[in-house]
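*Asks:* This is the structure, below, for whatever I ask next.
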Protein chains: 4
Amino acid sequence: MSSQLGQLFRISTFGESHGGGVGVVIDGCPPLIPLSEADLQIELDRRRPGQSEITTPRNEADQCEILSGTFEGKTLGSPIAVLVRNKDHRPEAYSEMSEKYRPSHADYTYDAKFGTRNWQGGGRSSARETIGRVAAAAVAKKVIKHFYPDLEALAWVKSIQNIEASIDPLTVTAEVIESNVVRTGDPNTAGKMIDRIKEIRSEGNSIGGIIEGVIRGCPPGLGEPVFDRLEADLAKAMLSIPATKGFEVGSGFSGTTLTGADHNDHFYMEGEKVRTHTNNSGGVQGGISNGEPILFRVAFKPTATIMSAQPTVSKNREDTELKGRGRHDACVLPRAVPIVEAMTNLILCDHLLRHRALCER
Amino acid sequence: MSSQLGQLFRISTFGESHGGGVGVVIDGCPPLIPLSEADLQIELDRRRPGQSEITTPRNEADQCEILSGTFEGKTLGSPIAVLVRNKDHRPEAYSEMSEKYRPSHADYTYDAKFGTRNWQGGGRSSARETIGRVAAAAVAKKVIKHFYPDLEALAWVKSIQNIEASIDPLTVTAEVIESNVVRTGDPNTAGKMIDRIKEIRSEGNSIGGIIEGVIRGCPPGLGEPVFDRLEADLAKAMLSIPATKGFEVGSGFSGTTLTGADHNDHFYMEGEKVRTHTNNSGGVQGGISNGEPILFRVAFKPTATIMSAQPTVSKNREDTELKGRGRHDACVLPRAVPIVEAMTNLILCDHLLRHRALCER
Amino acid sequence: MSSQLGQLFRISTFGESHGGGVGVVIDGCPPLIPLSEADLQIELDRRRPGQSEITTPRNEADQCEILSGTFEGKTLGSPIAVLVRNKDHRPEAYSEMSEKYRPSHADYTYDAKFGTRNWQGGGRSSARETIGRVAAAAVAKKVIKHFYPDLEALAWVKSIQNIEASIDPLTVTAEVIESNVVRTGDPNTAGKMIDRIKEIRSEGNSIGGIIEGVIRGCPPGLGEPVFDRLEADLAKAMLSIPATKGFEVGSGFSGTTLTGADHNDHFYMEGEKVRTHTNNSGGVQGGISNGEPILFRVAFKPTATIMSAQPTVSKNREDTELKGRGRHDACVLPRAVPIVEAMTNLILCDHLLRHRALCER
Amino acid sequence: MSSQLGQLFRISTFGESHGGGVGVVIDGCPPLIPLSEADLQIELDRRRPGQSEITTPRNEADQCEILSGTFEGKTLGSPIAVLVRNKDHRPEAYSEMSEKYRPSHADYTYDAKFGTRNWQGGGRSSARETIGRVAAAAVAKKVIKHFYPDLEALAWVKSIQNIEASIDPLTVTAEVIESNVVRTGDPNTAGKMIDRIKEIRSEGNSIGGIIEGVIRGCPPGLGEPVFDRLEADLAKAMLSIPATKGFEVGSGFSGTTLTGADHNDHFYMEGEKVRTHTNNSGGVQGGISNGEPILFRVAFKPTATIMSAQPTVSKNREDTELKGRGRHDACVLPRAVPIVEAMTNLILCDHLLRHRALCER
């Protein structure tokens, strides 16, 4: 069940980068939610390779097909299966990798664990696996809109290497984020980020950065302590994205240097609504949303594939060397933005159904 | 199922700070593991209040009783239930809190979610809830020792506010960590940290910090991608601890400023063993342990309870003010060290059983 | 997780017949449901030994304690832990069983599986284990009443060996069933059944029979196909009760000799309500309740413990002989009636919450 | 998660009878198990319509495609997705059913639960849904063979209406069962059964019957009490098959009339092996296999679709009438035999992995 996520809105992703295809089965989607393949395709297109000058030139259309679970434009309440065929097969580009472990990739650990791996293009550890997540999250987003029309989850590139954007999480819009190919919410920094990515790519090197996310319009009450706290489930969801190394919510690591007197968020009444003056809590207290915007950050390491020769070992346990080949993103963050949003929507959808089951009055 | 953790080694914690008691039921412990109440008590004693001059003066013995699941000093393979009675009841100390929400606590969100809460001492959101985790983790530790005798999980205080310790995760020992009441691995800094905690307590204020953890001797192969990656499950486990705001593994957030050429961990052979020269991966690649030490950090915010009056709102939705009372830790980190270790052992135990089920040959 | 049942209303039972006690933790109970220990005790008293002249003379009060999850007479939404202490310890009565396997008991299979067992009184395979189920089901019953006030689940003894009672499932009442110690719904047959039980007990022998159950007032729509059909979950729940050998719903095994023309239940309108003229479906169609009474039967084998010497084998793998000792029920059915009701309520409660989560509009 | 089965070998089926297709994702299959599409197809061919003179004349090839999870002829340890396209679309044959509820079908209950249904050919409640189960079970069978080469699960038609076959569960072979189109293990009765099915079909009526199953070569120790007893999980699995109304194991319902002295299975040593003289337990004691053959029976009601007009109600809540149309099995049992075997293998595979995880030494 390691490729399953969610308690009520449960998704099962499948597929390797080479093979029949990748996809997802969603078990636990409420009936009568309007849903079409176009709803999924719009999100898949934001994730697909070849979408802009700063992503990998691999050109995969990633056309999805809904195999089941809908009828006359609405969900049936039965499992929704989505399939995206693999098209751009080039196993020969990976033949050297059948024998040598790429540094900081999953080649060695998959072999260590399973005693086998599909070495063609990364197999199950390929970023293509996230297609199933993004498709499922497009469904989750529709469910969320149905129950909480005001809820909106957004993500953007906060920093690329050491270039940091200036963004107001309370006001940034999807339009602004999508207006530049690097998907930052700060148009003034976008150019610098794009230049840096191009530069590092031309060097055959790679870079990472930080993606920031916000959930606005979330009602108080979502989150299931003690283990399934909203931020704990978000942390797991984010750390399950390839290339991530860290997660923080609200004041995060920098909050550890404040005192309680400075860190505490004081409550006050705004009309009928309980609000806090500050938001160091990041919108969650005791694992439950408090109605303030939920703010978090996710660290992405630099892409492991680089175009220079690196020392490594072979399957036969001999020291050797490997040089990256193929077409890769020198920086995954622009394409990771929709994945961070996807994981956010998957967690929110599951939690809203869980809250509905036990606590809604 | 929000108070359950684990797929195979599944724990169900229960209990509020006031009421009959707190505890845990472990379903999925292998049979024939030697186990006694003393194994649990030793870990519970590291967590309990009143253990040193820098922890809350509340004095709770937290004596545990194993109700089931063992026979003649060994586990039976049936559920292990552990109970710790609540002793130090002082509901009257909390009476004001029945009407007012403590800032940056879970009072408001519990009411928002459940429409009720046990306001006596924090109820379910009290740190007493972690007793069940620590007890279960003591069992997990025995299971781990049975299957992987060389595996060791350790945690220590890395920083208190802005005082940072210098610790080598590869060599630090449990003895060194336990040799000082603040539970840092750097005895030179311990004194400074202790002084800062005393100082902030005397001011009625509070502080946070960072706990660092290492898993040494973990074989390659643990972790269940794509969702139940080892670091993803660690992230969730850590973020489920009260007062945590962030998690990072390996190079974490600071790794986002490196290039791939600097960040990649090159493989080499050390005898029969595949090793890496550097460890920016933090011992996990593709969600699976690679045999290198697993390194992570957890951010703890400053304790929410402080002894000065703060603005807040009442249950009746009126602006008001609340001053902290009672006996609290001005800094939770020393007592959180065994909890971080506990969560680590719970995740490891579950993953070793999952690996055993499907992949062990 | 083999001692856990339910997806949303999830119970974890624990405890052996000898040891600290038996009980349950319920994770997933909605908040604000009125609940007291008396609600549980009334059901536990129907299950306890020593309650009448035809049950085992062991006299266990089975007094329960709610350890957590309630506050001021209502559920909190947090885990509800219930403990019943073991009192009537007589391990010495079982010493022979430490070496020899009782025929048709679980002694041999527990050893085969776990490599160990608590041989004192049956350990985990003892009927005392059902205490946790009955306690949890008392909570489930309160939840059901909260959401569906008209729903009622009843069970009764339909047959003892070859003595069959005549009962109308549509009209039989709890009062009639409880009016006789054998718990049949047919007072005319009760005397004969009681006599047969006394007779077989005086012979040191034992008997079984059939328990029938009905769920009245269940709204259409409960059940989660394809796997978690309402009758499938009932079947599992019933077959998880010790000593059960069969389950049937509606027309059951005898319906296999009818033709479709005779078996089909025709729909008709009764006012606003869709009804069926006959009820061979037993109230479920396609795994979902159709609003008609849900009818089922459960087969119980004769008690395995009898007072005559029987051939068996020892732990050391030698042929030997064993004579039953101790105080046992010659017929478990009267005490199994509340357990069948309990399992019914547990399944219904879980399904109503699951329905609420995804399908309620 | 209602279309998911299994704790470790977890399957998620999907698909309606009309739409893109039906299939399954298996999450939790061990790596390095030899597997090809032919392994699946052989079982699917036993289930498919149009295979013989006594099954529905619908002719669906049910060709399967493995989309993921295998590489170079072996499993990878990643999710195995299997897709079977729907081919024989005739939605117009079902147009009347869009407005009227077929008696003893799932039409009404699906509408009651979900507020919608795919009325084209039964939608999710169609028997086509079992394709995913059969495909997954073919994988399960390979896993079982890998770990327990001697284990064999067989099923056969025990009775059709009142025609009962005489079969020895200890010796009957797959070859004998497959040698006749009705799939009984008694060739002498096969002809009579076939004639009865043809006769009832010519009358536009339908019949049911009983399928018997055996698991031979199962080692002692499988089964996870207290809830996931082997027979309890088998009961659920069988009652989740469309058209089933009952399940019994070992002596079943008829055992309820025996006394304990007659019913108990005495142990004896056969060489190194613990055996029982009789097998009223049906191979399970205390929910765990005891090494004897596991014997069970499943009741199937007569097919609901018959060719005569029957009273029913419409979606608009009016009394009306409906006459069956289309091509249906007058008796589902011959095609249900591979499904009963499939459910058996799914449960066994899950239990062997669970046993391996916690108890194997």
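*Asks:* Quick test of your reading of the structure: D:Gly77 fulfils all but one of (1) on the phi < 0 side of the Ramachandran plot; (2) crowded, with 18+ Cβ neighbours inside 10 Å. Name the failing condition by number.
*Replies:* The number of the failed condition is (1).
*Asks:* Here is a list: A:His355, A:His351. Which entry is in a helix (DSSP H, G or I), farther than 28 Å from B:Phe296 by Cβ and within 11 Å of chain B (Cβ to nearest Cβ)?
*Replies:* A:His355
*Asks:* In addition: Would you check which residues across region A:322-361 are among the acidic types (Asp, Glu) and modelled with pLDDT of 95 or more and list them?
*Replies:* Across region A:322-361, the qualifying residues are A:Glu341, A:Asp350.
*Asks:* What pairs can you find where one residue is in region D:345-356 and surrounded by 24 or more Cβ atoms within 10 Å (Cβ to Cβ), the other is among the charged types (D, E, K, R) and part of a helix (DSSP H, G or I), and their Cβ atoms are less than 6 Å apart, with a gap of 6+ or different chains?
*Replies:* Note: pairs meeting the criteria are D:Asn345/D:Lys141; D:Ile347/D:Asp233.
*Asks:* Looking only at region B:1-25, which residues are in contact (Cβ under 8 Å) with a residue 12 or more places away in the chain and closer than 19 Å to B:Leu234 by Cα?
*Replies:* Hits for region B:1-25 are B:Leu5, B:Gly6, B:Gln7, B:Leu8, B:Phe9, B:Arg10, B:Ile11, B:Ser12, B:Thr13.
*Asks:* Restricting the search to region B:269-291, which residues are among the β-branched types (Val, Ile, Thr) and either under 22 Å from the mean Cα position of the chain (by Cα) or part of a strand (DSSP E or B) (or both)?
*Replies:* Scanning region B:269-291 gives B:Val274, B:Thr276, B:Val284, B:Ile288.
*Asks:* Taking C:Thr55 and the conditions (1) over 26 Å from D:Asp265 (Cβ atoms); (2) more than 14 Å from chain D (Cβ to nearest Cβ); (3) in a loop (DSSP other than H, G, I, E, B); (4) not charged (D, E, K, R), which numbered condition does it fall short on, given that it satisfies the others?
*Replies:* (1)
*Asks:* All but one of (1) on the phi < 0 side of the Ramachandran plot; (2) at the interface with chain C (Cβ under 8 Å from one of its Cβ atoms); (3) in a loop (DSSP other than H, G, I, E, B); (4) surrounded by fewer than 22 Cβ atoms within 10 Å (Cβ to Cβ) hold for D:Arg317; state the number of the condition that does not hold.
*Replies:* Here D:Arg317 meets the rest and fails (1).
*Asks:* What residue, of B:Arg361, B:Arg335, B:Arg325, is among the charged types (D, E, K, R) and facing chain A (nearest Cβ under 9 Å)?
*Replies:* B:Arg361
*Asks:* Please find, among A:Thr276, A:Thr244, A:Thr257, the residue that is under 21 Å from A:Glu152 (Cα atoms), polar (S, T, N, Q) and surrounded by 19 or more Cβ atoms within 10 Å (Cβ to Cβ).
*Replies:* After ruling out the rest, the residue left standing is A:Thr276.
*Asks:* Then there is this: What is the one condition in (1) under 15 Å from A:Pro34 (Cα atoms); (2) away from chain B (no Cβ under 13 Å) that A:Ala136 does not satisfy?
*Replies:* Going through the list (1) under 15 Å from A:Pro34 (Cα atoms); (2) away from chain B (no Cβ under 13 Å), A:Ala136 breaks only (2).
*Asks:* Then there is this: Go through region C:19-52 and report how many residues are assigned to a loop (DSSP other than H, G, I, E, B), at negative phi and at the interface with another protein chain (Cβ under 9 Å from one of its Cβ atoms).
*Replies:* Number satisfying all stated conditions: 4.
*Asks:* How many residues, within region B:224-251, are assigned to a helix (DSSP H, G or I), more than 13 Å from A:Phe227 (Cα to Cα), among the hydrophobic types (A, V, I, L, M, F, W, C) and at the interface with chain A (Cβ under 7 Å from one of its Cβ atoms)?
*Replies:* 1
*Asks:* Another question, if that's okay. Taking A:Gly283 and the conditions (1) facing chain B (nearest Cβ under 7 Å); (2) among the small types (Gly, Ala, Ser); (3) crowded, with 22+ Cβ neighbours inside 10 Å; (4) over 30 Å from B:Gly223 (Cα atoms), which numbered condition does it fall short on, given that it satisfies the others?
*Replies:* Evaluating A:Gly283 over (1) facing chain B (nearest Cβ under 7 Å); (2) among the small types (Gly, Ala, Ser); (3) crowded, with 22+ Cβ neighbours inside 10 Å; (4) over 30 Å from B:Gly223 (Cα atoms) leaves (1) as the failure.
*Asks:* If you take the residues of region A:196-223 that are facing chain B (nearest Cβ under 7 Å) and in contact with a Phe, Trp or Tyr (Cβ under 8 Å, 6 or more places away or on another chain), which of them is surrounded by the most Cβ atoms within 10 Å (Cβ to Cβ)?
*Replies:* Looking at the filtered set, the residue picked out is A:Gly209.
*Asks:* Scan region A:93-103 and give yes if some residue there is within 14 Å of chain B (Cβ to nearest Cβ), farther than 24 Å from A:Ser36 by Cβ and out of contact with any helix residue (DSSP H, G or I) (no Cβ under 9 Å at 6 or more places or on another chain), otherwise no.
*Replies:* Looking for residues that are within 14 Å of chain B (Cβ to nearest Cβ), farther than 24 Å from A:Ser36 by Cβ and out of contact with any helix residue (DSSP H, G or I) (no Cβ under 9 Å at 6 or more places or on another chain), one finds at least one in region A:93-103, hence yes.
*Asks:* So, in region D:67-103, exactly how many residues are part of a strand (DSSP E or B), under 30 Å from B:Asp228 (Cβ atoms) and over 21 Å from the mean Cα position of the chain (by Cα)?
*Replies:* Counting residues in region D:67-103 that are part of a strand (DSSP E or B), under 30 Å from B:Asp228 (Cβ atoms) and over 21 Å from the mean Cα position of the chain (by Cα) gives 4.
*Asks:* Out of the residues in region D:106-128 that are facing chain C (nearest Cβ under 7 Å) and not in a helix (DSSP H, G or I), which is farthest from A:Thr75 (Cα to Cα)?
*Replies:* D:Ala106
*Asks:* Condition first: crowded, with 19+ Cβ neighbours inside 10 Å, out of contact with any Asp or Glu (no Cβ under 8 Å at 6 or more places or on another chain) and either of a type in the set (Gly, Ala, Ser) or part of a strand (DSSP E or B) (or both). Now tell me which residues in region D:164-184 satisfy that.
*Replies:* Matches in region D:164-184: D:Thr184 only.
*Asks:* Next question, about the same structure. For region C:161-184, name all the residues that are touching a residue at least 12 places away in the same chain (Cβ under 8 Å) and either in contact with a Ser or Thr (Cβ under 8 Å, 6 or more places away or on another chain) or more than 23 Å from C:Met343 (Cα to Cα) (or both).
*Replies:* C:Gln161, C:Ile163, C:Glu164, C:Ala165, C:Ser166, C:Ile167, C:Ile177, C:Val181
*Asks:* With the checklist (1) within 30 Å of C:Arg229 (Cα to Cα); (2) more than 14 Å from chain D (Cβ to nearest Cβ); (3) in a loop (DSSP other than H, G, I, E, B); (4) among the aliphatic types (A, V, I, L, M) in hand, flag the one item C:Leu8 doesn't pass.
*Replies:* With (1) within 30 Å of C:Arg229 (Cα to Cα); (2) more than 14 Å from chain D (Cβ to nearest Cβ); (3) in a loop (DSSP other than H, G, I, E, B); (4) among the aliphatic types (A, V, I, L, M) applied to C:Leu8, the lone miss is (2).
*Asks:* Every residue in region A:186-206 that is in contact with a Ser or Thr (Cβ under 8 Å, 6 or more places away or on another chain) and either not polar (S, T, N, Q) or not in a loop (DSSP other than H, G, I, E, B) (or both), please.
*Replies:* Hits for region A:186-206 are A:Asp186, A:Pro187, A:Asn188, A:Thr189, A:Ala190, A:Met193, A:Ile200, A:Gly204.
*Asks:* Taking into account only those residues within region D:145-163 that are hydrophobic (A, V, I, L, M, F, W, C) and surrounded by fewer than 23 Cβ atoms within 10 Å (Cβ to Cβ), which is nearest to the other protein chains (Cβ to nearest Cβ)?
*Replies:* Once the filter is applied, the top-ranked residue is D:Ile163.
The values are calculated or read from the model by the stated rules, or taken from the named source; none is laboratory data. As the structure is a computational prediction, the values presented were derived from the model and not from experiment. Here the Cβ is made from the backbone with ideal geometry for all residues, glycine too, and neighbour counts use every protein chain on show.
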